[in-house]
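J.: Could you have a look at this structure, given as structure tokens, before my questions?
The values are calculated or read from the model by the stated rules, or taken from the named source; none is laboratory data. Source: prediction; values computed, not measured. Reconstructed Cβ throughout: ideal geometry from the backbone, glycine too, with neighbour counts over all protein chains shown. Surface accessibility is based on the protein's heavy atoms, side chains included, excluding ligands, DNA and RNA. Shrake-Rupley method; radii C 1.70, N 1.55, O 1.52, S 1.80 Å.
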Amino acid sequence: MDAPLVRIRDLVLEAATARGTARILRGVDLDIGRGRILGVVGESGSGKSSLAACLLRLLPGNVTRLSGEVAFDGTDLLALDPAAMAAWRGTRIAMIFQDPMTALNPVFTIGTQMVDVIRRRDPGLPRAAALDRAETMLRRVAIADPRARLSAYPHQLSGGMRQRAMIAMALLAGPDLLLADEPTTALDATVEAQIVALLEELRSDFAGSIVLISHHLGLVAQLCDDLAVMYGGRVVETGPVAPVIAAPRHPYTRALLACEIGEGGEGRLASIPGDVPDPVAPPPGCVFAPRCPRAEARCAAEPPALRAASEGRAAACHFFEEWS
Ligand SMILES: Nc1ncnc2c1ncn2[C@@H]1O[C@H](COP(=O)(O)OP(=O)(O)O)[C@@H](O)[C@H]1O
Ligand SMILES: [Mg+2]
């Protein structure tokens, strides 16, 4: 296999809180393959958004430790100076947020914001040519009457339209890596389905790698090539989507899958009994041991390493060979 676009090793992120040090990422190991879509899944509080924040180096002010290796096409992202990192954002690395209003500026039209994105890549391009390119991209993401939308302000568009406009802007940046953090969570089910269909359709136009963060395993299985399951600030299982879904190696992946299949009533997903670990006082052994139906004495005492399995897979469970 080619060298991955991004190679993350032993990534640690800690922050100060009133209750003590929050251990948000506790040694994340992960590869993002070139031209591949990686789904990052896990319950809320597992560290998914924090991982994206490390890749963009947009970190909250209370961070006390950021260590490990994030090699992006051979460049150590953690060592880039702030000006270089800022220049990478929106060019080499672009982001689609859960709430497009956090990314779109309410006081500028969609057209002006799209022209800005285009000119970051192509500074000399005349405004009229940039607007034409923006219009083409809005049409590509299935926004009706795209010329007129260019003069609209974000609040004049529906939630689904805004999400499409943000996807259009991210694609215009032509990034090597596109990060999408729960891009459909804020939308209703019909619009969510449309956006998923759109992302699927756009796959073939986009040469870069995509990281799709979601707590919805079904969505990820549909769209992604690879999967990383996060829990308690760690990657507990990773590998190509199909074999991971067909036969999970980690009990946490298995529990997440069971939630997708089961229903929690009122059309909601079922949930795994128990709570995600408190990052201020994480369990000393396996992060999942307190909720794991298969935990043994060793699991509570000794954290399992992420170990390679067959088919390019890896799992962090002491016993995956025995039960999977
Ligand atoms: N700046 C911070 N200070 C303290 N704790 C934080 C901070 N950012 C995130 N956390 C905690 O880290 C854990 C992971 O958060 P997050 O990355 O948002 O998870 P996810 O995106 O998977 O829901 C949560 O317990 C969250 O409360
Ligand atoms: Mg999140």
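J.: Taking into account only those residues within the range 8-20 that are under 16 Å from residue 59 (Cα atoms) and of a type in the set (A, V, I, L, M, F, W, C), which is surrounded by the fewest Cβ atoms within 10 Å (Cβ to Cβ)?
T.: Out of the qualifying residues, it is 16.
J.: Can you report the number of residues in the range 1-21 which are in contact (Cβ under 8 Å) with a residue 40 or more places away in the chain and either among the basic types (Lys, Arg) or under 14 Å from residue 76 (Cα atoms) (or both)?
T.: 8
J.: Looking at the range 82-92, can you tell me whether even one residue there is touching a residue at least 24 places away in the same chain (Cβ under 8 Å), within 23 Å of the chain's Cα centre (by Cα) and part of a strand (DSSP E or B)?
T.: Yes, some residue in the range 82-92 is touching a residue at least 24 places away in the same chain (Cβ under 8 Å), within 23 Å of the chain's Cα centre (by Cα) and part of a strand (DSSP E or B).
J.: Here's something else I'd like to know. Condition (residue is assigned to a strand (DSSP E or B), more than 16 Å from ligand 1 (Cβ to nearest atom) and open to solvent by less than 10 Å² (accessible area, probe 1.4 Å)) applied to the range 217-227: is it met by at least one residue?
T.: no
J.: Could you identify the single residue in 271, 310 that is among the hydroxyl-bearing types (Ser, Thr, Tyr) and closer than 21 Å to residue 214 by Cα?
T.: Working: 310 fails: closer than 21 Å to residue 214 by Cα.
Unique residue meeting the criteria: 271.
J.: Then there's this: Residues of the range 196-211 being more than 13 Å from ligand 1 (Cβ to nearest atom) and closer than 20 Å to residue 313 by Cα, which ones?
T.: Correct list: 209, 210.
J.: Moving to a separate point now. Keeping to the range 21-57, report how many residues are within 13 Å of ligand 2 (Cβ to nearest atom), open to solvent by 50 Å² or more (accessible area, probe 1.4 Å) and either part of a loop (DSSP other than H, G, I, E, B) or touching a Phe, Trp or Tyr at 6+ places or on another chain (Cβ under 6 Å) (or both).
T.: 2
J.: Restricting to the range 102-120, give me the number of residues that are among the hydrophobic types (A, V, I, L, M, F, W, C) and open to solvent by 70 Å² or more (accessible area, probe 1.4 Å).
T.: 2
J.: Scanning for something touching an Asp or Glu at 6+ places or on another chain (Cβ under 8 Å) and among the aliphatic types (A, V, I, L, M), does the range 171-185 turn up at least one residue?
T.: Looking through the range 171-185, at least one residue is touching an Asp or Glu at 6+ places or on another chain (Cβ under 8 Å) and among the aliphatic types (A, V, I, L, M).
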